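The block underneath contains the structure these notes are about, expressed in structure tokens.
The values are calculated or read from the model by the stated rules, or taken from the named source; none is laboratory data. Source: prediction; values computed, not measured. All Cβ positions, glycine included, derive from the backbone under ideal geometry; neighbour counts span all protein chains shown.
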Amino acid sequence: MATNGTNDKSLESWIWDAACSIRGAKDAPKYKEFILPLIFAKRLCDVFDDEVNRIAKEVGSRAKAFKLVKHDKKLVRFFLPLEPKNPDDPVWSVIRTLSDKIGEQLTTLLRAIADANPLLKGIIDRVDFNATTHGQRDLDDDRLSNLIEAISRKPLGLADVEPDIIGRSYEYLIRKFAEGSGQSAGEFYTPTEVGFVIARIMDPEPGMDIYDPCCGSAGLLIKCELVLQEKMNLRSRKTFAPAKLYGQENEPGTWAMANMNMIIHDMEGEIQIGDTFRKPKFRQGNRLQTFDRVVANPMWNQNEFKEKDYDADELDRFPKDAGYPGGKADWGWVQHILASMNDKGRAAIVLDTGAASRGSGNANTNKEKDVRKWFVEEDLIEGVIYLPENLFYNTSAPGIVIALNKAKQKERRGKVFLLNASREFIKGDPKNYIPDDAITRIAETFSTWKEVEKYSRIVSREEIAKNDYNISPSRYIHTGAGEAYRPIAEIVEELGELEAEAMETDRALKAVLARIMK
């Protein structure tokens, strides 16, 4: 689960201190593209050492083990072409003892690792540690040397730290970078507790295919596998088929981060690079590949996709009877996700709260509302969870989780489960967070469709139709004695929509009057 033990805490402290060794906590996020690959390389080196030691026990010495591994690279998961002069020294010592032209030599060594391991191409070798901007080194050798030394202080081998602990600590580091990255953080990081809420309501089983079309640093996929492992532990199942994880990410640096995050968690998956909306990589012939579960936190309220982008689609993602979502792509992503689900598939998508209500209650037609209406009428929405405010790193606005289900239980058909978790948070700095007991309460309440006063409700399709296809839990569940709580950001956005519609109506009225006057 999301709770960390003592080992996690000491490792987290070390990993953050190492990151801060360059220029302090304030500047650490600026250097994440240098720091993350180095910690990743340290883990690879220490695990490789463990594998060499295991072979050495059988053949008599590390020198012989190095020769054997060079001859048959399949003996290890990743072959590292770094051999210390003294074979009994740690492999990482090759990097730790660099003293001249450190940036240049380090870049060469990491590229050699990538050349020896096709799976690491573009992941560990994409950073130039000798890079300059306007003739000045981005990270000079003194600071780089300090960083290497700070990272060297903790052994990260198989015997030293379990994949789960190093994985969570690595994700902790990504979260710390998100805290200092402002608007860009949402491109690569979904808050840990939101990820665990999603993973728990998706309830993955062994061997399932799980897909994230905009996977960022792969946090949602990883949490689905962690929840699966936790469930199998409770069942005392030591051997089981892990979930098969698939993701696509458009930004090359984030794609590399996702791959490192997966490997450091000791998980295997396929992360493709590219623009999912325009060129989805997971296909079967002229259709999308389909999955048992889809999890996603697409960028909210994207306005770059126009009608021509939807018209150009050749994968039947955007049904003509559903229509196109108009100016904001939120429901376009939901349509892509629906097309990526198999016949029994389920999905959980994090969106802006406005996606649940925009256009409802207005006299004019609204494309986004029309698509939302189609999903309600087709009985594809399993439920909606309203999240607390100030969880996400690129906004203080709350979000919602929309759950889709292509195979609803008979007794749940024609109904939607709404849960208002807006008060399930503890105030934090800089961000609020959902505590562990609240994560469990949200997931269990949602999964069992348990109605709780001021918290959750089962709503019929007819009631949603009467509310003009507004599916926001805040509309139906009042958390306090008075009116339902609605964040200012949501109200301001709705006022903006109403103002735009009023201006459009005014223009149309003036045009009609002008024709009459003529």
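Scanning region 291-337 for residues that are of a type in the set (S, T, N, Q) and touching a strand residue (DSSP E or B) at 6+ places or on another chain (Cβ under 7 Å), we see that the one that is farthest from Ala218 (Cα to Cα) is Asn301.
Confirm whether Asp138 is outside the structural domain of Gly383 (by TED's automatic domain parsing), in contact with a strand residue (DSSP E or B) (Cβ under 8 Å, 6 or more places away or on another chain) and surrounded by fewer than 20 Cβ atoms within 10 Å (Cβ to Cβ). Against the criterion (outside the structural domain of Gly383 (by TED's automatic domain parsing), in contact with a strand residue (DSSP E or B) (Cβ under 8 Å, 6 or more places away or on another chain) and surrounded by fewer than 20 Cβ atoms within 10 Å (Cβ to Cβ)), Asp138 qualifies.
Every listed requirement among (1) outside any helix (DSSP H, G or I); (2) outside the structural domain of Gly24 (by TED's automatic domain parsing); (3) within 21 Å of Pro242 (Cα to Cα) is met by Ala199 save one, (1). Just so you know, in region 242-257 the residues that are touching a strand residue (DSSP E or B) at 6+ places or on another chain (Cβ under 8 Å) and in contact (Cβ under 8 Å) with a residue 60 or more places away in the chain include one that is surrounded by the fewest Cβ atoms within 10 Å (Cβ to Cβ), and it is Pro252.
Just one of the numbered conditions (1) modelled with pLDDT of 95 or more; (2) among the hydrophobic types (A, V, I, L, M, F, W, C); (3) closer than 12 Å to Ala296 by Cα is not true of Phe188: (1). Filtered by the rule that a residue be in contact (Cβ under 8 Å) with a residue 40 or more places away in the chain and under 23 Å from Thr290 (Cβ atoms), region 394-411 gives Val401, Ile402, Ala403, Leu404, Asn405, Lys406, Ala407.
A single entry from Ile165, Ile222, Ile201, Ile210 fulfils the requirement of being at pLDDT below 95 and of a type outside the set (Asp, Glu): Ile165. Kindly evaluate Lys308 against the criterion of being at pLDDT below 95, surrounded by fewer than 20 Cβ atoms within 10 Å (Cβ to Cβ), not aromatic (Phe, Trp, Tyr) and not in a loop (DSSP other than H, G, I, E, B). For Lys308, the condition - at pLDDT below 95, surrounded by fewer than 20 Cβ atoms within 10 Å (Cβ to Cβ), not aromatic (Phe, Trp, Tyr) and not in a loop (DSSP other than H, G, I, E, B) - is met.
Condition check ((1) closer than 25 Å to Thr192 by Cα; (2) modelled with pLDDT under 95) across all residues:
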site: Ile426; (1), (2): yes, no
site: Asp429; (1), (2): yes, yes
site: Ile434; (1), (2): yes, no
site: Ile439; (1), (2): yes, no
site: Glu444; (1), (2): yes, no
site: Ser456; (1), (2): yes, no
site: Val459; (1), (2): no, no
site: Glu462; (1), (2): no, no
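Taking into account only those residues within region 378-387 that are crowded, with 16+ Cβ neighbours inside 10 Å and among the charged types (D, E, K, R), which is nearest to Ile477 (Cα to Cα)? My answer is Glu382. Could you please find all residues in region 289-304 being closer than 21 Å to Leu351 by Cβ and surrounded by fewer than 22 Cβ atoms within 10 Å (Cβ to Cβ)? Residues satisfying the conditions are Met299, Trp300, Asn301, Gln302, Asn303, Glu304. Where helices (runs of 4 or more DSSP H) sit wholly within region 1-90, those with at least 2 residues that are under 25 Å from Phe129 (Cβ atoms) occupy 6-20, 32-59. From the list Ala355, Ala296, the one residue that fits, being at pLDDT 95 or above and either charged (D, E, K, R) or in contact with a Cys (Cβ under 8 Å, 6 or more places away or on another chain) (or both), is Ala296. Number of residues in region 105-136 that are assigned to a loop (DSSP other than H, G, I, E, B) and without any contact (Cβ under 8 Å) to a residue 60 or more places away in the chain equals 8. Restricting to region 46-76, name every residue that is of a type in the set (S, T, N, Q) and either loosely packed, with under 14 Cβ neighbours inside 10 Å or in contact (Cβ under 8 Å) with a residue 60 or more places away in the chain (or both). Hit for region 46-76 is Ser61, nothing else.
Could you tell me whether Met267 is part of a loop (DSSP other than H, G, I, E, B) and within 24 Å of Ile15 (Cα to Cα)? Yes, satisfied.
Taken over region 349-393, the criterion of being acidic (Asp, Glu) and either free of Cβ contacts under 8 Å to residues at least 60 places away in the same chain or closer than 19 Å to Asp468 by Cα (or both) is satisfied by Asp352, Glu368, Asp370, Glu377, Glu378, Asp379, Glu382. From the list Lys231, Lys281, the one residue that fits, being charged (D, E, K, R) and either part of a helix (DSSP H, G or I) or not assigned by TED's automatic domain parsing to the domain that holds Ile381 (or both), is Lys231.
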